[in-house]
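These notes are about the structure you will find just below.
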Amino acid sequence: HYHPDNDKSILRVLFERTKQTGAQLSRSRPYKKNDNAHVEQKGGDRVRKLVGYFRYDTEEEVELLNKVYEIADLFENFFVPTMKLKEKVVDERGRVVKRVYEMARTPYERVLESPEVSEEVKNRLRAIKEGLSLVKLKKRLDELVGMLLAKKTGLKPERFHGQNNELTKMQFHGQLFLS
């Protein structure tokens, strides 16, 4: 299922792809015309904080972006815990007075706990996790982002190594999470 923004050039390309692959193209959910704002928010939250606001349009930049996203996905899914909202406590006027969250866990941990996921899939994920190193992923992510930003700024890629991008800036408010 593709859910792009409303840019006509993107829609044309995706429309052709959906005809070839049989995938579905949707612009938003019925009667939910503000969906796109949420999609764009995620783009800002994840994409722009990771690689900035430059326009990456050469083939080489797109290849680098794909590598960055591949590493970022591994990093985020296996090492970055998130808290899911469990319930909202509402007062007599209907105002939310308190939000109750589940304990922070990584998406990987949530999948392992899920009864709907087969043992075969869980074993494949365990094998992937076993081969990952948080430090190596962080270094590789910094290298790739540095190479990408160097292409746009003209600066040396080493200038960007070790920079804290938003994805790898882990702050857990005094809690220590070990993997």
Yes/no for residue 99 being modelled with pLDDT of 60 or more, in contact with a strand residue (DSSP E or B) (Cβ under 8 Å, 6 or more places away or on another chain) and among the basic types (Lys, Arg):
yes
Selection from region 140-179 of residues in a helix (DSSP H, G or I) and modelled with pLDDT under 75 yields 157, 158, 159, 160, 166, 167, 168
Can you name the residue in region 94-119 that is closer than 27 Å to residue 135 by Cα and of a type in the set (A, V, I, L, M, F, W, C) and is also most open to solvent (accessible area, probe 1.4 Å) among such residues?
103
Among the residues of region 71-93, count how many are acidic (Asp, Glu) and open to solvent by less than 50 Å² (accessible area, probe 1.4 Å).
1
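The values are calculated or read from the model by the stated rules, or taken from the named source; none is laboratory data. Note that this is a predicted model, so its numbers are computed, not measured. Cβ atoms come from the backbone with ideal geometry, glycine included; neighbour counts cover every protein chain shown. These area figures cover heavy atoms from the full protein model, side chains too; ligands, DNA and RNA do not enter into them. Shrake-Rupley method; radii C 1.70, N 1.55, O 1.52, S 1.80 Å.
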